[in-house]
Protein chains: 2
Amino acid sequence: MSELTSLEEKVIEQPDNIIIPPPSDDTKYHRIQPFLHLSGKIPYVTNRALLILNQKINIDLISIWEQCELVVCADGGTNRLYDYFTDEQSRMKCLPHYIVGDFDSLRPEVQAYYESRGCIVIPQSSQYSNDFMKCIYCIQLHYQLKNTTWYEMLDTVNGLEELWNSIPHCSADITLYVLNAIGGRLDQTIQSINQMYILNKSDANLTLYFITESDVIFLLKKGQNYVTYENRSLFCDSGIPNCGLLPLGNGSVVLNSFGLKYDVREWTTQMVGKVSSSNGICGENGFIVECSEDIVMNIEVTK
Amino acid sequence: MSELTSLEEKVIEQPDNIIIPPPSDDTKYHRIQPFLHLSGKIPYVTNRALLILNQKINIDLISIWEQCELVVCADGGTNRLYDYFTDEQSRMKCLPHYIVGDFDSLRPEVQAYYESRGCIVIPQSSQYSNDFMKCIYCIQLHYQLKNTTWYEMLDTVNGLEELWNSIPHCSADITLYVLNAIGGRLDQTIQSINQMYILNKSDANLTLYFITESDVIFLLKKGQNYVTYENRSLFCDSGIPNCGLLPLGNGSVVLNSFGLKYDVREWTTQMVGKVSSSNGICGENGFIVECSEDIVMNIEVTK
């Protein structure tokens, strides 16, 4: 085959069930584990945090909560946590560690409830970063300054960002699940995606997973990505989970994939052009995507 | 002021209530009317269509239905229409004109219900365009070939696209409200946005409004846009509606706005960069956005 032919754009329809082994050189690929609802089955991973933003909680919160060692609520997200529980006994078992924001949405009685039970409340009135970013600073500081009372004496305007920018940054890896960042008002959805791209450059120690009622969303990084999971049935009970590769990073991306229903070779994707939606996951416990730039992926979750 | 200064990037915070008159030269701007829930109050506009895709209907369907002269359901969207009504009397009053798709989701009893009541069912098995695009062809053909039985004898694989591509296109303007294109699985949301950009070039007679539970989404076109409405209270009962300007067209956009909470001058926006989210609408019955390229806008709707 000539070099020209081998670089031709192609789409290859795959059978529903295939096995994709991990890439041979494991030092060069990004390993991504978008699992969910796996409590008890996996070795406990440290530095795993949950961030709850302000939309109605429509998923099984408890199974994610149990996998996380740190929980942060952003402003009105605290109300949503409070309202998620219908009885006091369950509510008492799920107390967030930090509550952060400008508090234009947080109900006073909800603030009082959690504050009286030891949750750390951090008011940040600055309008130059949003609640999502304020919480990111809080989570980074929590791991960076462990076992100190770093949150005392913070400036109430923009203290989190200022403290974070004033200290050296370590590289402890953090896996962050974010609820309610996607699926509400479109400007909030797109801003969340935008910040995921930016954080991937500025805070490379963070791995973000946006969790919605219908999917899990994450960034495939420039280069080779091996996305792996114990079993596809984690995503849905029958059939193959739908997925998409979404070029939202302001430019085109060349893709090669191994393990999707419609696998692609040297396939250029961009907005106002070709976008792979309603694709499917055929790799039974993993698949590979090589991309010339960072690209957003979503996988359907129906259980 | 030197020319250099006047082209500086700026953000200007505006009071909550301002009046923005229409641009002086009305031949050169795009007039956009993202109104909703206005039944009976406006002169009836012809060529106004409603397209229902396959997600749960979470809005007040009837008030939109009453403003549209044509209704098309895409595949499983028909089930959602059927299930929206709890009593037969209401269901009977809202019959779609066309049902289109590959019918991998349409329930047989739902198809039989609407078919027996005169709805035109158009199976299209092609996997090379999605249900959304098949419905766009159907709507274009409906207005183009009015008063004919163009839908008879169609090829059941890809007849709609083939017929549309075989006839000359007129330029009758069509306003199309689309339900359930945004807010479900992220790949479907992004594909809908992608197709809105593409249709704006290929089918300039179409004006699309995506309607969700929380917002209305449309395209601002390269040049000057005057977005106008009778009253901001159409969007929300109190306060100013939130909005965003979302550069999803694969490139940066330079913006000037007049009538937003955070008005911008010569402001460059792009993904993996600055994006205006959680902005607000201050213009009491309209605002102006000048953009160097097409850009998506969303306005919050809470009523």
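The values are calculated or read from the model by the stated rules, or taken from the named source; none is laboratory data. Everything numeric in this text was worked out from a predicted model, so none of it was measured. For neighbour counting, all protein chains shown are included, and Cβ atoms are generated from backbone atoms with ideal geometry for every residue, glycine included.
So here's what we get for this one:
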{"quantity": "Test for A:LEU199: is it away from chain B (no Cβ under 12 Å) and of a type in the set (A, V, I, L, M, F, W, C)", "calculated": "no"}
{"quantity": "Any pair with Cβ under 7 angstrom, 6 or more apart, that starts in segment B:138-150 at a residue that is buried (at least 20 other Cβ atoms within 10 Å of the Cβ) and ends at one that is modelled with pLDDT of 95 or more and assigned to a helix (DSSP H, G or I)", "calculated": "B:CYS138/B:LEU160; B:GLN140/B:TRP164; B:LEU141/B:LEU160; B:LEU141/B:LEU163; B:LEU141/B:TRP164"}
{"quantity": "Residue match in segment B:67-78 (condition: farther than 24 Å from B:GLN191 by Cβ, touching a Cys at 6+ places or on another chain (Cβ under 9 Å) and not small (Gly, Ala, Ser))", "calculated": "no"}
{"quantity": "Leading residue by the ranking (surrounded by the fewest Cβ atoms within 10 Å (Cβ to Cβ)) among those in segment A:180-196 that are more than 8 Å from chain B (Cβ to nearest Cβ) and farther than 19 Å from B:PHE210 by Cβ", "calculated": "A:GLN195"}
{"quantity": "Pick from segment A:248-303, criterion farther than 21 Å from A:SER24 by Cβ and of a type in the set (D, E, K, R), ranking: farthest from the other protein chains (Cβ to nearest Cβ)", "calculated": "A:LYS303"}
{"quantity": "Among the residues listed as A:SER116, A:SER171, A:SER129, the single one being small (Gly, Ala, Ser) and touching a helix residue (DSSP H, G or I) at 6+ places or on another chain (Cβ under 8 Å)", "calculated": "A:SER129"}
{"quantity": "Enumeration of residues in segment A:233-244 that are out of contact with any helix residue (DSSP H, G or I) (no Cβ under 8 Å at 6 or more places or on another chain) and buried (at least 22 other Cβ atoms within 10 Å of the Cβ)", "calculated": "A:PHE235"}
{"quantity": "Helices (runs of 4 or more DSSP H) enclosed by segment B:14-132 - at least 2 residues per element that are outside the structural domain of B:GLU162 (by the TED database), crowded, with 17+ Cβ neighbours inside 10 Å and without any contact (Cβ under 8 Å) to a residue 24 or more places away in the chain", "calculated": "none"}
{"quantity": "So A:THR228, is it of a type in the set (Ser, Thr, Tyr), within 14 Å of chain B (Cβ to nearest Cβ) and in contact (Cβ under 8 Å) with a residue 40 or more places away in the chain", "calculated": "no"}
{"quantity": "Every residue from segment A:198-231 that is in a helix (DSSP H, G or I) and surrounded by 21 or more Cβ atoms within 10 Å (Cβ to Cβ)", "calculated": "none"}
{"quantity": "Failed item, numbered, when B:LEU245 is tested on (1) assigned to a loop (DSSP other than H, G, I, E, B); (2) within 11 Å of chain A (Cβ to nearest Cβ)", "calculated": "(1)"}
{"quantity": "Subset of segment B:126-161 (residues that are of a type in the set (Lys, Arg) and modelled with pLDDT of 95 or more)", "calculated": "B:LYS134"}
{"quantity": "Residues that are part of a loop (DSSP other than H, G, I, E, B) and in contact (Cβ under 8 Å) with a residue 40 or more places away in the chain, drawn from segment B:253-282", "calculated": "B:GLY259, B:LYS261, B:GLU266, B:CYS282"}
{"quantity": "Residues that are out of contact with any Cys (no Cβ under 9 Å at 6 or more places or on another chain) and among the aromatic types (Phe, Trp, Tyr), drawn from segment B:85-106", "calculated": "B:PHE103"}
{"quantity": "Inter-residue pairs, beta-carbon under 6 Å, first over 12 Å from A:ASP203 (Cα atoms) and outside any strand (DSSP E or B) and in segment A:166-180, second modelled with pLDDT of 95 or more and among the hydrophobic types (A, V, I, L, M, F, W, C), 6+ apart", "calculated": "A:ASN180/A:LEU53"}
{"quantity": "Unique match (being farther than 13 Å from A:VAL72 by Cα, out of contact with any Asp or Glu (no Cβ under 6 Å at 6 or more places or on another chain), of a type in the set (D, E, K, R) and assigned to a helix (DSSP H, G or I)) among A:GLU152, A:GLU161", "calculated": "A:GLU161"}
{"quantity": "Answer from B:LEU206, B:LEU163, B:LEU179, B:LEU154 - the residue that is under 11 Å from the mean Cα position of the chain (by Cα), over 26 Å from B:CYS236 (Cα atoms) and of a type in the set (A, V, I, L, M, F, W, C)", "calculated": "B:LEU206"}
